[in-house]
């Protein structure tokens, strides 16, 4: 360890549904792997699911894991977590607490009240600009209003900060991953393979492109590789039973994930809302042409590396346009090649792990000065 640097201790907070893959998990792993040794990270993660019957807590040298039923009172869980790690935090100098999902800011503020630390709120999503209840519709509030600093993972998120009248300093730090070592390229065959790596989470939008897949499958021999957590509901499962959709499921082995990317011809996205998708970064880093919905965060991410299908004010995707884009990528090698080149260049310019780590470390040092 380089003793010329003071230790920086970072507590990463997150809450996630254990049934699905988490982009924040990728953020933690990539950031920690690319930080210098004097930056030491400890994660506190609250895992929830309808299938978890009781609260249980596990602790290791690098992570506190709190498993709990969905809907369990969070303030009770915060007190329990604090009882496990309070002694550890007491001994930490140059302490930074980061809240990585909305709802965890309350725990970050609780820790700041008990220990001397700086707090960072990381906005990994694009929250709604308003909320509604039985009394009407109201402007969104800013739960990050007391943070020492805010990290946005895309420029688009500044619209939300402006709407909630944010007065806290913020930095735009794009997510990033290490450049993959591509071991083998897909051999030419008569099956055009699309890869979808967002699983069956409803907001990612796989369900709304099924009509497009059906339309394209009538004229071309295709295969849709679906990677990620969750399962289609019974109605959707019946609907896709005759379609060339291969449900690979949740993968944690990076080598296996790489193999699927290497054998793909194009990546598909259809999110309703997106900030800075790690799946999108992966697609660009593997030189893949991209077809996407026109969610603002995805357009910011892909730029001219993607063909887009428009979404109307009711969030309905133009399915015919999406299908046309799939046909274009299949039939036009020139378009396919151009999109792939632009995607890879965009990855190198903006979304490398080294850039993310460097910019984040600079923020840590600035906060602790």
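The values are calculated or read from the model by the stated rules, or taken from the named source; none is laboratory data. In this text the structure is predicted, and so the values were computed from the model without any measurement. Cβ sites come from the backbone with ideal geometry, for glycine too, and all protein chains shown count toward neighbours.
Brief remarks on what is shown
- Checking each residue in the range 35-58 for being touching a helix residue (DSSP H, G or I) at 6+ places or on another chain (Cβ under 8 Å) and within 22 Å of residue 94 (Cα to Cα) picks out 35, 36, 39, 41, 42, 43, 44.
- For the range 16-46, a residue qualifies if it is modelled with pLDDT under 95 and assigned to a strand (DSSP E or B), and the qualifying residues are 16, 17.
- Qualifying residue in the range 143-150 (condition: closer than 30 Å to residue 316 by Cα and modelled with pLDDT under 95): yes
- Members of the range 213-231 that are under 23 Å from residue 279 (Cα atoms) and surrounded by fewer than 18 Cβ atoms within 10 Å (Cβ to Cβ): 223, 229, 231
- The set of residues from the range 82-104 being buried (at least 22 other Cβ atoms within 10 Å of the Cβ) and farther than 16 Å from residue 40 by Cβ comprises 99, 100, 104.
- Qualifying residue in the range 249-266 (condition: touching a helix residue (DSSP H, G or I) at 6+ places or on another chain (Cβ under 6 Å), at pLDDT 95 or above and buried (at least 18 other Cβ atoms within 10 Å of the Cβ)): yes
- Of everything in the range 47-76 that is outside any loop (DSSP other than H, G, I, E, B), touching a residue at least 24 places away in the same chain (Cβ under 8 Å) and under 23 Å from residue 143 (Cβ atoms), the residue that is farthest from the chain's Cα centre (by Cα) is 75.
- Checklist (1) over 22 Å from residue 354 (Cβ atoms); (2) touching a residue at least 24 places away in the same chain (Cβ under 8 Å); (3) over 25 Å from the mean Cα position of the chain (by Cα) applied to residue 79, failing item: (2)
- Qualifying residue in the range 117-132 (condition: more than 25 Å from the chain's Cα centre (by Cα) and either more than 29 Å from residue 19 (Cβ to Cβ) or modelled with pLDDT under 95 (or both)): yes
- A residue that is over 17 Å from residue 259 (Cβ atoms), touching a strand residue (DSSP E or B) at 6+ places or on another chain (Cβ under 6 Å) and surrounded by 12 or more Cβ atoms within 10 Å (Cβ to Cβ) occurs somewhere in the range 192-199.
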